[in-house]
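Notes to accompany the following structure.
None of the figures in this text is laboratory data; all of them are computed from the coordinates on show. Because the structure is a prediction, the values reported are computed rather than measured. No Cβ is skipped: glycine too gets one built from the backbone with ideal geometry, and neighbour counts run over all protein chains shown.
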Ligand code: IMP
């Protein structure tokens, strides 16, 4: 019992460690252990023993809930590769929802129409709608919604802005439904694409038995769909995307808070469960020990995020003196997650958030028990992050700043019209080396992960956990791990960071 004056704080007997202090010791690789046979499929949300997890990913990577990382471009690019982006929270709810909607509507396959008109609308309305949504194929329906009775279609081939009156009515220049080629609800994607090719269409409306618009299939989506075998789709063939929430604006998917072991997170989870049951999937965090994990798992979290103070732009440990080495935190929480599963039969996935510097840190996190990793700096370097690419000292850089930095706070305050003034920063503003297209970067990273898994004799993430042998390394052997005692010709290679 730790009570009163005659005692001191609880003291962990072991120091806490970070990823760079560990290595994997190879195990036996059979002839089947080749990277092409490795599956990186992983659960995202809680499920009961013996049941299927309702949401899985094809790669164990999600992007951080940060202004400098996860906008709509990231959402689309990452879902294409099989992961999930969590659209940032520090903006107005309307603009965050619009970003999520754009990711959902982007996808190949069956796209719910988001650009819709009535016959009484005018050419000026058409142009305004095109400006707003960026889409040039518009459905004309009886009630102006994406699921109304289809009356016609307007595409840029139906009007000439220079020759027509802006007040011209849609009814007079649309292509009426009688002249359209469409397909019935239930048509497969393959058949839809065949119709598109046979009739040289750009868009094929899918229509219900009673003539209501169900969705479109677009020609332009065909190629990109073919090229991404791991892409992550929902039941309507739309990309899977996440969104951050803070503990005041309850909505969906992951609570964006640096400290998860709190009354507020429990309160928020209870509110969500009371209002939406388990239809809304929501992750919680961050925690760094088993106690914090159990608290959030009991409160109903769908997954739990681990990590305090380990983020590349994070100065929480320096400013507040709280946190824990990320590897130790993951190991501790994973042990509790397994104990929780044994006791309750409920598996609550865990996410290692922050501090992934080298690609192999992902493999280590998985071996230590993480179901997936959340990365900020890593994703901020790619074309698809929302920040500008700038030339600094002759090299291209992208900007990357913490959510707890003055920069993010300023933006948030500006957007939300006066958030509470916080008196100190927990994050910095920085540059990161530009790294090109996300698809190329992730291909390299995941090739390394698959290769290391094969070295450990594992073809799946659960198998990796079972078979992995981890060793702590001394400071001197860390030096031995890099190129040493040679004069490097290419100084960028020996110290490359993923
Ligand atoms: P990174 O991948 O090492 O760059 O870490 C990204 C993670 O850092 C995010 O997912 C957050 O958990 C955390 N983070 C983001 N902004 C801040 C901040 O300003 N201070 C502290 N931690 C932050």
Convex hull projection area averaged over all views, region 276-420, Cα basis, nm² = 11.5 nm²
query = Across all directions of projection, what mean area in square nanometres is found for the Cα convex hull of the chain?
reply = 30.7 nm²
note = Simple SL model, points at 7 angstrom along Cα→Cβ for residue 390 and residue 168; separation in nm is 4.6 nm
request  = Divide by every residue of the chain the summed helix terms, -39500 (n - 2.57) for each DSSP H run of at least 4, and state the resulting mean residue ellipticity at 222 nm, rounded to the nearest 500 deg cm²/dmol.
outcome  = -9500 deg cm²/dmol
task = Specify the angular offset, from 0 to 90 degrees and rounded to the nearest 10, of the alpha carbon long axis of helix 189-198 from the longest principal axis of the alpha carbons in the chain.
result = 40 degrees
request  = Grab the eigenvalues of the alpha-carbon gyration tensor for region 192-333, scale each by 5, take roots, and send me the semi-axes largest first in whole angstrom.
outcome  = 43, 20, 12
remark   = For the chain the mean separation of alpha carbon contacts under 8 Å (6+ apart) over residue count, i.e. relative contact order in percent, is 20 percent
remark   = Computed over the chain: longest principal axis from alpha-carbon atoms vs helix 326-344 long axis, angle to nearest 10 degrees, is 80 degrees
ask   = For region 23-147, how big is the tail of P(r) above 20 Å, as a whole percent of Cα pairs?
value = 63 percent
ask   = Within the chain, what percent of beta bridges assigned by DSSP are antiparallel, to the nearest 5?
value = 55 percent
query = Length gain on complete extension for the stretch residue 322 to residue 178, per 0.36 nm per residue less the alpha carbon to alpha carbon distance?
reply = 45.1 nm
query = Which FRET efficiency, nearest 0.05, do residue 341 and residue 448 yield, Cβ-Cβ r, R0 22 Å?
reply = 0.15
On Cα atoms only, tilt of 72-81 relative to the major axis of the chain in degrees = 70 degrees
ask   = Where does each of 143, 194, 359, 383 land when they are ranked from fewest to most other beta-carbon atoms within 10 angstrom?
value = 143, 194, 383, 359
key: Whole-number percent relative contact order across region 109-237, with pairs defined as alpha carbons under 8 Å at least 6 apart   = 27 percent
query = Once Rh is set to the Kirkwood radius over Cα pairs, what Stokes-Einstein translational diffusion coefficient, in µm²/s, holds for region 146-217 at a temperature of 4 °C and a viscosity of 1.567 mPa s?
reply = 97 µm²/s
request  = Obtain the radius of gyration and the Kirkwood radius of region 96-207 from its C-alpha atoms and give Rg over Rh.
outcome  = 0.96
Neighbour-count ranking [beta-carbon atoms within 10 angstrom, fewest first] of 484, 267 = 484, 267
